[in-house]
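Before any comments, here is the structure.
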Amino acid sequence: MTLSPFDVALYAGALAVLFLTPGPVWVGLIARSLSGGFHAAWPLALGVVIGDVLWSLLAIFGITWILSLYGDILEVLKWVAAGVFILMGAAVIRNADKTIGADSSLTRPGMWAGFVAGLAVILGNPKAILFYMGMLPGFFDLTRLTAWDVGAIVGLSALIPLVGNLGMAVFIDRARRLVSSPTALRRMNLSAGVLLILVGLVIPFT
């Protein structure tokens, strides 16, 4: 494996910070947990994980193909990754006071409906592909990745959102109070935005 512990830790931290940024997945998990308990929420979390895995694989192999044609683009992509994080962090801070809007398509009853909703919310979100396409070249040298490296990256992309989403489903009462409190939501958004900007500032020097 060619990945350094620092690279892996930085990537894992970025995924954790992004999970902490409230969005439609949060709304779907909370609504499904309230209506049907953990049994209703875990299929949505599984669907989200499948989408994260697909996007990370597409980013790795798609960008690797691009690099095979234009090798000098790697340094440019690293700065693009830094810019993506800084812009995302600034956007989160700017909208720190906004509440989360519910999406009825995420709360339809049934295990299959939950799975499809989770998959759709990731595959249909342009921010997801922007995140992975803009992030991976900043964290890793994609021209040197081995099969073990790819497995580690995809595993982290799946594990961290899954653990976070399932944890939210289990501790739904606490999550519900957090999301419904404007003050707590503002603090979380401000913290997540600052952390995203810090990650963007670190990337060019890794």
For segment 47-57, 3J(HN,Hα) per residue [Karplus equation, 6.51 cos²θ - 1.76 cosθ + 1.60, θ = phi - 60°, Hz, x = Gly/Pro]: x, 4, 4, 4, x, 4, 5, 4, 5, 5, 5
To the nearest 0.05, what FRET efficiency results for Met111 and Val170 with a Förster distance of 25 Å applied to their C-beta separation? 0.90
Pop a pseudo-label 7 angstrom from the Cα along the beta-carbon direction at both Phe38 and Leu58 and give the gap in nm to one decimal. 3.2 nm
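Throughout, read-outs are computed from the coordinates displayed, never taken from laboratory work. Everything numeric in this text was worked out from a predicted model, so none of it was measured. Cβ sites come from the backbone with ideal geometry, for glycine too, and all protein chains shown count toward neighbours.
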